[in-house]
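Working notes for the structure below.
The values are calculated or read from the model by the stated rules, or taken from the named source; none is laboratory data. Just so you know, these numbers come straight off a predicted model, no measurement behind them. Cβ coordinates were reconstructed from backbone atoms using ideal geometry, including for glycine residues, and neighbour counts include every protein chain displayed.
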Amino acid sequence: MKAPISIDDGLLREADEAARAMGLSRSCLFAIAMRDFLRRQREERMLRQLNDVYNCAADPAEKRLLRGINAKVRSTMTERW
């Protein structure tokens, strides 16, 4: 599909040079760049969602469990083998 877009002259020249150096058409270069950009956007959105999930405060039962796990790990690390 053709899509007319406006791009700064300097950026277009740079893109043309990069496409030539890579042996690609300008259209192929822009498609690769757009695919990469959209993939990174999806990954950033997923990371924000995961951070939102894991940033919520632990409830008291989870806090007790984590304290117990941390104490066990600390004691294991200080014991002699």
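Observations on the structure shown:
- Note on the range 32-81: residues that are surrounded by 10 or more Cβ atoms within 10 Å (Cβ to Cβ) and at pLDDT below 80 amount to 1.
- With respect to (1) part of a loop (DSSP other than H, G, I, E, B); (2) surrounded by 10 or more Cβ atoms within 10 Å (Cβ to Cβ); (3) polar (S, T, N, Q), the lone exception for S6 is condition (2).
- Hey, E43 without any contact (Cβ under 8 Å) to a residue 40 or more places away in the chain and within 25 Å of the chain's Cα centre (by Cα) or not: yes
Quick grid of which residues meet (1) of a type in the set (A, V, I, L, M); (2) touching a helix residue (DSSP H, G or I) at 6+ places or on another chain (Cβ under 9 Å); (3) in contact (Cβ under 8 Å) with a residue 60 or more places away in the chain:
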site: A3; (1), (2), (3): yes, no, no
site: I7; (1), (2), (3): yes, yes, no
site: R13; (1), (2), (3): no, no, no
site: A18; (1), (2), (3): yes, yes, no
site: A33; (1), (2), (3): yes, yes, no
site: L38; (1), (2), (3): yes, no, no
site: R67; (1), (2), (3): no, no, no
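- For the criterion of being surrounded by fewer than 11 Cβ atoms within 10 Å (Cβ to Cβ), within 20 Å of the chain's Cα centre (by Cα) and hydrophobic (A, V, I, L, M, F, W, C), L11 fails.
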